Amino acid sequence: MADITPRLKSVKEGITKLVKLAGNDQAEAARKLGKELTEELDQAMEEASSLQDDTVRPQPAPPRAPRNEVERCPVCSLRTFTFQKGTIRECADCESGFEALYHCLTCEHEGWHEIE
């Protein structure tokens, strides 16, 4: 992360100047300096937020296999809905974050199911 100390010192010096200008009835100069300082702070905040967004957060490793490799089929209701090895993928809509492909050995139905 870049050192923002020099920028913060510059902002602090600008604020000190602004206070002195406002006290000497130089309202227009004070408004101009205030606008410049606001823009500089906004830019610094944008840069800081983009640096935080770019940091790589470690993703949890996908599970090796679901807890229940055989479940009840949603179509034929028989307990032959079987996990297909090597089909685990990330899922944004799932609470666990992962889903796997299941295949029914009886009715041939296939579908993605959340891994618990």
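The values are calculated or read from the model by the stated rules, or taken from the named source; none is laboratory data. In this text, all values refer to a predicted model and were calculated from it rather than measured experimentally. FYI the Cβ positions are ideal-geometry reconstructions off the backbone, even for glycines, and counts take in every protein chain you see. Each accessible area value is taken on the protein alone, full model and side chains, heavy atoms only, with ligands, DNA and RNA left out. Shrake-Rupley method; radii C 1.70, N 1.55, O 1.52, S 1.80 Å.
Odds and ends about this structure:
- Scope segment 95-110; condition within 36 Å of the chain's Cα centre (by Cα) and open to solvent by 50 Å² or more (accessible area, probe 1.4 Å); matching residues: GLU95, SER96, HIS109, GLU110
- Counted residues, segment 77-94 - those being open to solvent by less than 60 Å² (accessible area, probe 1.4 Å), in a loop (DSSP other than H, G, I, E, B) and hydrophobic (A, V, I, L, M, F, W, C): 3
- Pair list, Cβ under 8 Å, 6 or more apart: segment 1-14 residue within 15 Å of ASP42 (Cα to Cα), other residue at pLDDT below 75 and open to solvent by less than 90 Å² (accessible area, probe 1.4 Å): ILE4/ALA48
- Leading residue by the ranking (modelled with the highest pLDDT) among those in segment 40-76 that are open to solvent by less than 50 Å² (accessible area, probe 1.4 Å) and of a type in the set (A, V, I, L, M): ALA65
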